[in-house]
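Trainee: A single structure is presented below for examination.
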Amino acid sequence: MDKMLWVAMSGAKENMNAVAVRANNLANANTTAFKGDLQQARAMQAFGEGLPTRVFSMTESPGQNFASGAIQTTGRNMDVAIKDQGWIAVDDGTGNERYTRNGSLEVGTDGLLKNSTGQTVLGNNGPIFVPMPIDNLVIGANGNVSIRPMGAPANAMEVIDRIKLVNPPNGNMEKGNDGLFKLKDDQQALADANVKLQIGALEGSNVNSVEEMTHLIALQRQYEMNVKLMKTADENAQRSESLMRMS
């Protein structure tokens with residue numbers, strides 16, 4: 001009976017872990033450029049003293065869904081979306097270079113170019129600093145950031161830096177707990193001049209809400225089944241104990 005109880009118990013526990021992954025995806029269905037986490041379950045052999053006689057289930061997230069989200073036109077010249085493949089390099093706040101597709105940009109009070117979640121956008125020479133005050137700021141499709149200083153003629157646009165756009169293989173990327181991506185070897189990706197931006201648009205989340213709800217319903221049913229198996233195992237154990245007493 002303990003084998004049955006062990007499998008059911010571990011299955012129920014891992015169902016709850018899977019629900020957490022799917023619920024997080026669903027909660028970010030409207031988050032700009034969010035990449036959904038994948039989830040799968042597999043059997044794991046339990047090792048210990050003696051022969052390995054127990055198997056338990058384990059939920060894991062083998063990676064992310066790197067499909068592009070829908071492009072949403074905003075008309076705001078500080079909103080940029082990556083065309084096809086590629087990433088925007090940002091500082092994660094601790095000096096580490098990380099990657100995102102969130103192109104909702106703004107100039108912070110400190111003059112640094114940041115995205116809507118507060119990460120500083122990186123350029124060819126580190127963080128992009130916008131000398132204030134300015135009359136205009138334009139971002140080009142190639143990532144060039146141009147400004148017109150306050151009071152300067154209309155044609156006096158000057159390039160101050162270029163947003164670092166990269167395109168490493170998706171298989172080399174992994175997502176951290178902060179939602180930003182990095183290379184698995186923790187190195188910095190090289191800038192790729194072939195990555196282009198669409199100005200006045202943002203990439204939406206690639207989460208399919210209906211699909212995530214379907215997964216959540218299936219996981220809930222699996223959880224209930226595992227709980228019933230645990231109850232059945234307990235009832236069988238009680239019956240076996242009663243038979244032993246009678247004998």
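Trainee: Could you tell me the accessible area of Arg239 in Å² (1.4 Å probe, neighbours in place), rounded to the nearest ten?
Mentor: Approximately 140 Å² of Arg239 is accessible to the 1.4 Å probe.
Trainee: For region 171-247, give the percent of accessible area contributed by carbon and sulfur heavy atoms, probe 1.4 Å, rounded to a whole number. Intermediate results must be reported in sequence, preceding the final value.
Mentor: Details: 2700 of 5310 Å².
So the carbon and sulfur contribution to the accessible surface is 51 percent.
Trainee: I've got another one for you. Calculate what fraction, in whole %, of the accessible area of region 78-117 sits on carbon and sulfur atoms when a 1.4 Å probe is rolled over the protein chains. Don't jump to the answer; show the numbers that get you there.
Mentor: Details: 590 of 1500 Å².
Carbon and sulfur together cover 39 percent of it.
Trainee: What accessible area, in Å² to the nearest ten, does a 1.4 Å probe give for Thr32?
Mentor: 50 Å²
Trainee: Run the simple label-point estimate for Lys184 and Glu106 please: 7 Å along Cα→C-beta, distance reported in nm.
Mentor: Inter-label distance under the simple model: 3.7 nm.
Trainee: Of [x] 18.1; [y] 13.2; [z] 12.5, which is the value of mean projected area of the Cα convex hull in nm² derived from the coordinates here?
Mentor: Recomputing mean projected area of the Cα convex hull in nm² here picks out [x].
Trainee: Can you compute the modelled spin-label distance between Gln72 and Asp192, with each label point 7 Å from Cα toward Cβ, in nm?
Mentor: In this crude spin-label approximation the distance works out to 2.5 nm.
Trainee: Got a sec to turn the phi values of region 191-201 into Karplus ³J(HN,Hα) couplings, 6.51 cos²θ - 1.76 cosθ + 1.60 with θ = phi - 60°, whole Hz, x for Gly and Pro?
Mentor: These are the phi-based 3J(HN,Hα) values: 5, 10, 5, 7, 6, 10, 10, 9, 7, x, 8 Hz.
Trainee: Using the Karplus curve 6.51 cos²θ - 1.76 cosθ + 1.60 with θ = phi - 60°, what ³J(HN,Hα) values do you get for each residue of region 174-182, in whole Hz, with x for Gly and Pro?
Mentor: Residue by residue, region 174-182 yields 9, 9, x, 5, 8, x, 8, 9, 8 Hz.
Trainee: Could you pull the accessible area for Asp234 with a 1.4 Å probe, rounded to 10 Å²?
Mentor: The accessible area comes out at roughly 80 Å².
Trainee: If you build a Gaussian network model of the chain, linking Cα atoms that sit under 10 Å apart, which residue out of Leu105, Leu165, Leu190 swings the most?
Mentor: Highest fluctuation of the listed residues: Leu190.
Trainee: Calculate how steeply helix 209-246 sits against the longest principal axis of the alpha-carbon atoms of the chain, using the helix alpha-carbon long axis, and give the answer as 0 to 90 degrees to the nearest 10.
Mentor: The two axes meet at around 20 degrees.
Trainee: Do any trypsin sites (Lys or Arg not before Pro) in region 113-203 lie in a DSSP loop with no more than 14 other beta carbon atoms within 10 Å, and if so, which?
Mentor: Details: sites: Lys114, Arg162, Lys164, Lys175, Lys182, Lys184, Lys196; in loops: Lys164, Lys184, Lys196.
Here the sparse-neighbourhood loop sites are Lys184.
Trainee: If I take R0 = 41 Å and measure r between the Cβ atoms of Ser209 and Gln238 in this structure, what FRET efficiency does the formula 1/(1 + (r/R0)^6) give, to the nearest 0.05? Present the calculation step by step, with values, prior to reporting the outcome.
Mentor: On the way: r = 44 Å, r/R0 = 1.07.
The value I calculate is 0.40.
Trainee: How much net charge surrounds Lys164 when only other residues with a Cβ under 11 Å from its Cβ are counted (Lys, Arg +1; Asp, Glu -1)? Numbers along the way, then the final one.
Mentor: Details: positive: Arg162; negative: Asp91, Glu97, Asp161, Asp192.
Residues close to Lys164 contribute a combined charge of -3.
Trainee: Taking the simple approach of a point 7 Å from Cα along Cα-to-Cβ for both Asn96 and Asn17, what is their distance in nm?
Mentor: 2.2 nm
Trainee: Return one whole number: the accessible area per residue of the chain in Å², for a 1.4 Å probe. All intermediate terms of the calculation are to be shown ahead of the outcome.
Mentor: Numbers: 13940 Å² over 247 residues.
Per-residue accessible area for the chain comes out at 56 Å².
Trainee: With a 10 Å cut-off between alpha carbons and a GNM built on the chain, which of Gly176, Gly36, Gly86 moves the most?
Mentor: Highest fluctuation among the options: Gly176.
The values are calculated or read from the model by the stated rules, or taken from the named source; none is laboratory data. The shown structure was predicted, so the numbers you read here are calculated from the model rather than taken from an experiment. As a convention, Cβ positions derive from the backbone with ideal geometry for all residues, glycine included, and neighbour counts pool all protein chains shown. Surface accessibility is based on the protein's heavy atoms, side chains included, excluding ligands, DNA and RNA. Shrake-Rupley method; radii C 1.70, N 1.55, O 1.52, S 1.80 Å.
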